[in-house]
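Please read the structure below before turning to the comments.
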Amino acid sequence: MHASYFVQMIDTSLTMLGPGVEILTEIMTELGEKHARMGVESEMYPIMCEALVYAIERATGESFSSASRKAWKEFFAGISNSMIQAGK
Ligand code: HEM
């Protein structure tokens, strides 16, 4: 169930980068509060990041470069930082 929520939210987040980033931050703040209430702790987010990067690397194969890895990690750090801060 979470895989589906997670991928949908990643997809939505990607479309909101740029001019929509302030609204994205608000959405992530609400989502972070909700996750904290469900018992999700900040240490769990980097594990999710590793899983996401691993899955994308497996799916895209040789076209996945070190620049791709860096970009995905930066993107994930951005959205998860908003969630983590909101959960504190
Ligand atoms: C950037 C990271 C994450 C994103 C984008 C994300 C996204 C979501 C979304 C969209 C939902 C559904 C919320 C709703 O029903 O309103 C959800 C639920 C949930 N998430 Fe996450 N999540 C993230 C990280 C995590 C982590 C690290 C954990 C814990 C290991 C976690 C555990 C859960 C749980 C337990 C639920 C409730 C599932 C359910 O109701 O079946 N999430 N998440």
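No lab work stands behind these numbers, since they all come straight from the coordinates. Given the structure is predicted, the values throughout are model-derived calculations rather than measurements. No Cβ is skipped: glycine too gets one built from the backbone with ideal geometry, and neighbour counts run over all protein chains shown.
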Self-check item: Rounded FRET efficiency, nearest 0.05, which uses the C-beta distance separating Leu17 from Ala59 and R0 of 22 Å
Solution: 0.60
Self-check item: Total formal charge among the other residues, if their Cβ is under 13 angstrom from that of Met48, Lys/Arg +1 and Asp/Glu -1
Solution: -2
Quiz item: Given the alpha-carbon gyration tensor of the chain, what are the semi-axes of its equivalent ellipsoid in whole angstrom, ordered largest first, with each equal to the square root of 5 times an eigenvalue?
Solution: 22, 15, 12
Practice problem: Obtain the nm distance between the two label points defined at Glu26 and Val7 by a simple spin-label model: each point lies 7 Å from its Cα along the Cα-to-C-beta direction. | Solution: 2.9
